[in-house]
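*Asks:* My structure is below; once you've seen it, I'll send some questions.
The values are calculated or read from the model by the stated rules, or taken from the named source; none is laboratory data. Remember, predicted model here, so these are calculated numbers, not experimental data. Every residue, glycine as well, gets a Cβ built from its backbone with ideal geometry; the counts of neighbours run over all protein chains shown. Surface accessibility is based on the protein's heavy atoms, side chains included, excluding ligands, DNA and RNA. Shrake-Rupley method; radii C 1.70, N 1.55, O 1.52, S 1.80 Å.
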Amino acid sequence: MKRIITALAVIVAMTACNQNPFLSEWDTPYGIPPFDKIHVSDYVPAVKYGIRQQSAEIDAIILNSEEPTFENVVAAYDRSGAVLGKVQSVLFNLSESDGTDALIKVVEEVTPMLSEHSDNIFMNRFFFEKVKAVYDKRESLGLTVEQNTYLKDLYDSFIQNGVALDEDAQAKLRDVNTELSNLYLQFGNNLLAESNAFTAEFGMSVSEYYPFMGRSEDRKLREKVFKAYSNRGNNGNEYDNKAVVEKIMKLRIERANILGFATPAEMILENTMAKKSSAVDSFLAEIMDAAVARAKEEVADMQVVMDKDIAAGLLPAGSTIQPWDYLYYSERVRKERFDLDEEQYKPYFKMENVRKGVFDNASRLYGLKFKPVTGVALYNPEAEAFEVTDADGSLIGVIITDYYPRPIKRGGAWMSNFTDQYIADGVNVRPVIVNIGNFTKPTEDTPSLLTLDEVETMFHEFGHALHGLLSQCTYRGTSGTNVKRDFVELPSQINENWAFQKEVLATYAFHYETGEVIPDDLVDK
């Protein structure tokens, strides 16, 4: 009776919320979310509905009287939670890149719900029994490599999330999971608030910190900026993260202990190639001596340049390289040794040209074609969408780029997706991918001119985008970047290595004023 009531509640909720864009099919080009129709008030009802829907779908898997198979257990699970997947993809992408106060409050409200829902799935012994029944006979089922991978990952997810624990231990783990999810959110919100305070004080975004520290001649200002940047979350105010970090560390240790691990590191590494923290320590030990020696050489080179400033009366006698001097004097060393500075090469790295170079490189390597998507509402005016097609004209997917900092965007750069690639009823659903950055913004007089680091970052994140775009999987749970952590960085690491190849530079590194291609002698430097 309880499950019947749950199913009826889902139907009633659908009827009551039929105006909610998350509860209907998206009749939009390429399946891009209808951002212009989504309101803040839509999220919480959609999350609640999605949780009820997926719970009912999992109940149906459990109650199925047929013999457990990959199709009626694992594939059925993969098809479940369609609404919840849609709302989470939009909510959490936008909360990171376009996180208004109202949206952050939504995330704070739904985070405990989602944590509880996840625990309800992966601590459900009845559901696990169905998965285990398929897992135990996997060798006789003739599964594909993809199916075997998904089955093992799903089985491991139950074990790693406490399905084998007794009720008391599960209850403790639920509490820890909920508190951790809230603390992670609090940490991110605090850091964003502190980053915005940094911007307000110095008139620069956190993404402009490194270029500023490399060119500013004002040592006292560099020190002030360095300390403000480094102490974000460590100012003893309402956004101080020290207590948050301490709580996170204690809870991560407690979580690992509940699940039978001595440390969080051992738990995290269990599913990686390294396996043990001792292996990681060994890897690091092999490079530590060489890395420290090289760092000392670099500081010594910088000190030589600083000593010239001391001799010229620009600095007090006895001055030595401090953390706030490192970027500035490394640029000075580069200038003296190679006659190279940032202002020489930045004019060749106009953002739009670099992005075109990223796209063109993928065209030459993989036959992909890129075309701007117009007439589609996106979540922010700074975001741009591009259709990606194969050499034969077939649709690969859509990539949205969003490259500039703003007060409601988290710092850094990343790839994510609004829509997964998967096969539904014989249709290969193509993904909607997003690349986020916090690159140098254009001004009234100058376009966005990227640093070398920003150029490399764009190529890197597009490597992740290629991973998502070129996915050819049957199931959501294995598509795109839903792979082992060790492999996630491989496509991006490969792609970033193309950035400064001479043949590639010649296709995109044009002076934004003269159109001149970057000269060979500058590339060599």
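*Asks:* Starting from the Cα gyration tensor of segment 60-210, take the square roots of the eigenvalues, sort them a ≥ b ≥ c, and report rounded, prolate or oblate (rounded when a/c is under 1.5, otherwise prolate if a/b is larger than b/c, else oblate).
*Replies:* In terms of gyration-tensor shape, prolate.
*Asks:* Would you pull out the residues with amide H under 5 Å of Asn428's amide H, same chain only if 5 or more places away, H placed 1.01 Å from N?
*Replies:* Answer set, sorted by chain and number: none.
*Asks:* So what is log10(I(q)/I(0)) for the chain at q = 0.09 1/Å, when the Debye sum runs over its Cα atoms only?
*Replies:* -0.80
*Asks:* Now for a different question. Evaluate the distance, in nm, between pseudo-label points positioned 7 Å from the Cα of Trp414 and of Asp36 along their respective Cα→Cβ axes.
*Replies:* 2.9 nm
*Asks:* How about segment 203-243: which GluC sites (Glu not before Pro) there lie in a loop by DSSP and see at most 14 other Cβ atoms within 10 Å?
*Replies:* Here the GluC sites (Glu not before Pro) that fit, given the DSSP loop and packing criteria, are Glu217, Glu238.
*Asks:* What is the gain in length, in nm to one decimal, between Ala295 and Ala200 on full extension, counting 0.36 nm per residue of separation less the C-alpha to C-alpha distance?
*Replies:* 30.9 nm
*Asks:* Then there's this: Please list, in order along segment 294-310, the HN-Hα scalar couplings obtained from phi with the Karplus expression 6.51 cos²θ - 1.76 cosθ + 1.60 (θ = phi - 60°), rounded to whole Hz, x for Gly and Pro.
*Replies:* After applying 6.51 cos²θ - 1.76 cosθ + 1.60, I find 5, 4, 5, 4, 5, 5, 5, 4, 5, 5, 4, 5, 4, 4, 5, 5, 5 Hz.
*Asks:* Same structure again: With 23 Å as the limit, write out which pairs from Lys152/Lys275; Lys346/Lys371; Lys48/Lys242; Lys296/Lys346; Lys130/Lys250; Lys441/Lys502 have Cα-Cα distances beyond it, or answer none.
*Replies:* Over 23 Å Cα-Cα: Lys346/Lys371; Lys48/Lys242; Lys296/Lys346; Lys130/Lys250; Lys441/Lys502.
*Asks:* Also: Considering Cα pairs under 8 angstrom that are at least six residues apart, work out the relative contact order of segment 22-118 and quote it in whole percent.
*Replies:* Taking the mean separation of contacting Cα pairs over the length of segment 22-118, I get 36 percent.
*Asks:* For the chain, calculate the relative contact order in percent as a whole number, restricting contacts to Cα pairs under 8 Å that are 6 or more residues apart.
*Replies:* Averaging sequence separation for qualifying contacts and normalising by length gives 14 percent for the chain.
*Asks:* Subtract the Cα-Cα distance of Tyr184 and Val427 from 0.36 nm times their separation in residues, and report this length gain in nm to one decimal.
*Replies:* Full extension of this stretch gives 83.8 nm more.
*Asks:* So what is the relative contact order of segment 108-247, in percent, for Cα pairs below 8 Å that sit 6 or more residues apart?
*Replies:* 24 percent
*Asks:* Report ³J(HN,Hα) in whole Hz for each residue of segment 132-139, in order, from the Karplus equation J = 6.51 cos²θ - 1.76 cosθ + 1.60 where θ = phi - 60°; Gly and Pro get x.
*Replies:* Listing the rounded values in order: 5, 4, 6, 4, 5, 10, 4, 5 Hz.
*Asks:* At 1.4 Å probe radius, can you tell me the per residue accessible area of the chain in Å²?
*Replies:* That works out to 51 Å² for each residue.
*Asks:* Want the number for Leu221 to Glu246: 0.36 nm per residue separation, take away the alpha-carbon distance, what's left?
*Replies:* Separation in residues times 0.36 nm, less the Cα-Cα distance, equals 5.9 nm.
*Asks:* Let me make sure I get this right: for segment 183-288, a, b and c are the square roots of the gyration tensor eigenvalues over alpha carbons, sorted descending. Under 1.5 in a/c it's rounded, otherwise prolate if a/b > b/c, else oblate. Which is it?
*Replies:* The shape class here is oblate.
*Asks:* Using r as the Cβ-Cβ distance of Ala312 and Val376, and R0 as 56 Å, what FRET efficiency do you calculate, to the nearest 0.05?
*Replies:* Efficiency, from the Cβ-Cβ distance: 0.45.
*Asks:* With every protein chain left in place and a probe of 1.4 Å, what is the accessible surface of Glu116, to the nearest 10 Å²?
*Replies:* Rounded to the nearest 10, the figure is 100 Å².
*Asks:* Is there a pair in Lys37/Lys86; Lys105/Lys484; Lys335/Lys525 whose C-alpha atoms are over 22 Å apart, and which pairs would that be?
*Replies:* Lys105/Lys484
*Asks:* So, one more: With all protein chains present, how much of the accessible area of the chain (probe radius 1.4 Å) comes from carbon and sulfur, to the nearest whole percent?
*Replies:* 55 percent
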